[in-house]
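Visitor: First, the structure itself, so that you have it in front of you.
The values are calculated or read from the model by the stated rules, or taken from the named source; none is laboratory data. Predicted model only: the values in this text are computed from it and were never measured. For neighbour counting, all protein chains shown are included, and Cβ atoms are generated from backbone atoms with ideal geometry for every residue, glycine included.
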């Protein structure tokens, strides 16, 4: 085989690898674009059970209940338009509280309950999950509004 | 006075960088060797001055000089001395000062110790280093002055983020920066080579030690950062695909590719243009990472302050340097002659495959990291998380491992596919055996990626030792050992990752003092909760006895409260055994005076970081091996000369 042909084969292999990687990224990103959901997105678009997503919103006041095992909590997440029930087993971060923002990672079960495997409410007092920036929570009406 | 000395040193260093750039440019352009004579002293002086500025800032932090704004906003007089010291770089300005210091010192090192490079290329390289440094001096002096004073000093500072108050702060950032910024040397080498049109094997041999050194430190820095996050955050994870982690991973991927391609260039004089390109890309990734972390567009413990002006400044630097280097590349690369050809089945091809896969992973990580920022610019918020990165990086990384097993067993220039297959027979047989036994013992308990990961890790581990097969071990060169150790380290690390994700046992309970918790062969007796106090924190500490078999060990997870700034952190208790780690986190108190406990048994998880250390050690061995060979040759040549003179 001539050197030129070999270079051609290598270049073709490289091209195939790059195109393949690009397609892989595109398809993965397409799923990812649907990775973050607010409760209203859940209601309008629907999320199939078992699909890993991030659910973001505010923890509804007086919705937080602790199960008898001491490590499982139930709470509702709202974005002002819709409310979704959620369950989490584990040690909740310190800044996780009623009326506070939360981003929960997990998936819905068949009954429409969100089973969170991880709660993100970072350690900094000033931390606001990126996805919730520009949203405000009304303490009295328990409503969330997206600022324009 | 100290602050002013530091600031003056910084300005002086910046002026010298400008001088160095002008001298190198004018000297090379006008062919005036007398101008070039001043370039090396300028670089050395710059290194000394940045070191002085840095020492000044460290002194201010150690003395808790609250009249300096940076100290007042980031330190506290009650802090233990280690965190006063390490807190110097636990903030935006300090970390950028560390950045330019590393850059200055690296430039001085290139001026002092680089002997292999031709004089013109050496001068052009130092000119390039000065050009990059200049931008970062400007950034520091105009938008992030670490030495600014305040009129009314407070009695006490605001304190350091408690998450950072850990011995890890003394090690992780400096090591990471040494590697991260050390890559600027490779960038400058590429610039110098393009300007002087000297891209050949000799150039690659001169550049290789610098790349190796930066890569070793970067590897150590990332490994340390991963372990720190693992024990400090209390989440039991060791990599979160956080944009900031990606910011350190991307230069590492590029540097790893560069390390291999520069070897091809040094040994076989092939892949000339590609190597230059990678040298540019590696440090560009460092700069992109800095932009992501320092511009405040991300929320993270690493992003200290949000200031859009700084973001645009770094973005401008980024555009200038990356754009400039790529333009130079496009302009000059046509005049670089084609390198040596090679056959399709050869070590060179295997290394091309390595480079291709590393570049693809790099590209995918870059896309995943930047995608949310790009969509946000169009008013659409998207987050890209671990599922994306796991899904794309996992399979390609496994393919890369397979290539890594085959590469060292393939000969340079030309080999036979059949012969390579024969050499791979043993690893393949072992992979087969491992997959059979794993299927028998762990079927249904183990996911597909961890399964493949374990099989490949064992096979690659065996294959990476194969280059030593049938060789005289004492006469094998040190850099061959370096390669073997580094590749084995990759296998060890992969095995740790696979074991962690496949076999970790987690237990979550709310327990009363006196309870005994059984999990994964461990029996943990929860004795009591006691309040304790440290230098600048108070804590609730759980006393527990963990036992497996006869002996029991006291473990004490804590929940710590820091007053300034007010924060609670969780200090996990870690019990390390040869076959894994017991990881216990204390949560909050719930009704019935019970305490939440999260307990993990993580089999062989420590292999992840052991592998990281082995990879770095392999790089260090290769570095020492290459350098020692150079010294030996020189020494022999000198002896021969002297003997000749006497005779």
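Visitor: At negative phi, without any contact (Cβ under 8 Å) to a residue 60 or more places away in the chain and surrounded by 15 or more Cβ atoms within 10 Å (Cβ to Cβ): is that true of residue B:586 in this structure?
Guide: For residue B:586, the condition - at negative phi, without any contact (Cβ under 8 Å) to a residue 60 or more places away in the chain and surrounded by 15 or more Cβ atoms within 10 Å (Cβ to Cβ) - is met.
Visitor: Let me ask you something else. Exactly one condition in (1) assigned to a loop (DSSP other than H, G, I, E, B); (2) in contact with a strand residue (DSSP E or B) (Cβ under 7 Å, 6 or more places away or on another chain); (3) over 24 Å from residue B:512 (Cα atoms) is not met by residue A:96; state its number.
Guide: (3)
Residue-wise test of (1) at pLDDT 85 or above; (2) buried (at least 16 other Cβ atoms within 10 Å of the Cβ); (3) in the same structural domain as residue A:60 (by TED's automatic domain parsing).
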residue	(1), (2), (3)
A:74	yes, no, yes
A:77	yes, yes, yes
A:87	yes, yes, yes
A:93	no, yes, yes
A:98	no, no, yes
A:102	no, yes, yes
A:105	yes, yes, yes
A:108	yes, yes, yes
A:114	yes, yes, yes
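Visitor: Right, residue B:442: surrounded by fewer than 16 Cβ atoms within 10 Å (Cβ to Cβ) and touching a residue at least 60 places away in the same chain (Cβ under 8 Å) or not?
Guide: In short, yes.
Visitor: Additional query: Going by the structure shown, is residue B:414 within 12 Å of chain A (Cβ to nearest Cβ) and more than 33 Å from the chain's Cα centre (by Cα)?
Guide: Spelling it out, residue B:414 is indeed within 12 Å of chain A (Cβ to nearest Cβ) and more than 33 Å from the chain's Cα centre (by Cα).
Visitor: Which number in (1) free of Cβ contacts under 8 Å to residues at least 40 places away in the same chain; (2) more than 10 Å from chain A (Cβ to nearest Cβ) marks the one condition that residue B:409 misses?
Guide: It is condition (1) that residue B:409 fails.
Visitor: OK, next. Looking at (1) on the phi > 0 side of the Ramachandran plot; (2) surrounded by fewer than 22 Cβ atoms within 10 Å (Cβ to Cβ); (3) in contact with a strand residue (DSSP E or B) (Cβ under 7 Å, 6 or more places away or on another chain), which is the only condition residue A:63 fails?
Guide: The one condition residue A:63 does not meet is (1).
Visitor: While we're here: Pairs under 6 Å by beta carbon, first residue closer than 18 Å to residue B:623 by Cβ in region B:263-283, partner outside any helix (DSSP H, G or I), six or more apart or different chains?
Guide: Within 6 Å, the pairs are B:264/B:270; B:264/B:271; B:265/B:271.
Visitor: So, in region A:23-41, exactly how many residues are more than 8 Å from every other protein chain (Cβ to nearest Cβ) and either at pLDDT below 80 or part of a helix (DSSP H, G or I) (or both)?
Guide: So the count comes out to 8.
Visitor: Got at least one residue in region B:218-232 being in contact (Cβ under 8 Å) with a residue 40 or more places away in the chain, part of a helix (DSSP H, G or I) and touching a strand residue (DSSP E or B) at 6+ places or on another chain (Cβ under 8 Å)?
Guide: Yes, the conditions are met somewhere in region B:218-232.
Visitor: Testing residue B:568 on (1) on the phi > 0 side of the Ramachandran plot; (2) within 14 Å of chain A (Cβ to nearest Cβ); (3) within 34 Å of the chain's Cα centre (by Cα), one condition comes back false. Which one is that?
Guide: Checking residue B:568 against (1) on the phi > 0 side of the Ramachandran plot; (2) within 14 Å of chain A (Cβ to nearest Cβ); (3) within 34 Å of the chain's Cα centre (by Cα), the one that fails is (1).
Visitor: From the list B:369, B:359, which one is part of a helix (DSSP H, G or I), more than 10 Å from chain A (Cβ to nearest Cβ) and surrounded by 21 or more Cβ atoms within 10 Å (Cβ to Cβ)?
Guide: After ruling out the rest, the residue left standing is B:369.
Visitor: For region B:332-348, give me the residue count where each residue is touching a residue at least 40 places away in the same chain (Cβ under 8 Å) and assigned to a helix (DSSP H, G or I).
Guide: Residues meeting the conditions: 5.
Visitor: Also, I was wondering about something else. Based on what the data block shows, is residue B:572 closer than 20 Å to residue B:496 by Cβ and modelled with pLDDT under 95?
Guide: Criteria met by residue B:572.
Visitor: Then there is this: Could you list, in sequence order, all residues of region A:46-73 that are outside any loop (DSSP other than H, G, I, E, B) and more than 14 Å from every other protein chain (Cβ to nearest Cβ)?
Guide: Going through region A:46-73, the residues outside any loop (DSSP other than H, G, I, E, B) turn out to be A:53-59, A:65-66, A:72-73.
Of everything in region A:46-73, those that are outside any loop (DSSP other than H, G, I, E, B) and more than 14 Å from every other protein chain (Cβ to nearest Cβ) turn out to be A:58, A:59.
Yes or no, residue by residue, for (1) assigned to a helix (DSSP H, G or I); (2) at pLDDT below 85; (3) buried (at least 20 other Cβ atoms within 10 Å of the Cβ):
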{"position": "B:384", "(1), (2), (3)": "no, yes, yes"}
{"position": "B:419", "(1), (2), (3)": "yes, no, no"}
{"position": "B:433", "(1), (2), (3)": "yes, no, no"}
{"position": "B:457", "(1), (2), (3)": "yes, no, yes"}
{"position": "B:464", "(1), (2), (3)": "yes, no, yes"}
{"position": "B:490", "(1), (2), (3)": "yes, no, yes"}
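Visitor: Let me ask something else. So, residue B:500, is that one outside any strand (DSSP E or B) and within 15 Å of residue B:599 (Cα to Cα) or not?
Guide: yes
Visitor: Of these, B:578, B:595, which one is surrounded by fewer than 21 Cβ atoms within 10 Å (Cβ to Cβ) and either at pLDDT 90 or above or more than 14 Å from chain A (Cβ to nearest Cβ) (or both)?
Guide: Going through B:578, B:595 in turn, just one is surrounded by fewer than 21 Cβ atoms within 10 Å (Cβ to Cβ) and either at pLDDT 90 or above or more than 14 Å from chain A (Cβ to nearest Cβ) (or both): B:578.
Visitor: Across region B:466-488, what is the number of residues that are touching a residue at least 12 places away in the same chain (Cβ under 8 Å) and assigned to a loop (DSSP other than H, G, I, E, B)?
Guide: 1
Visitor: Considering (1) within 24 Å of residue B:321 (Cα to Cα); (2) in a helix (DSSP H, G or I); (3) in contact (Cβ under 8 Å) with a residue 60 or more places away in the chain, say which one residue B:169 fails and leave the rest.
Guide: Single failed check for residue B:169: (1).
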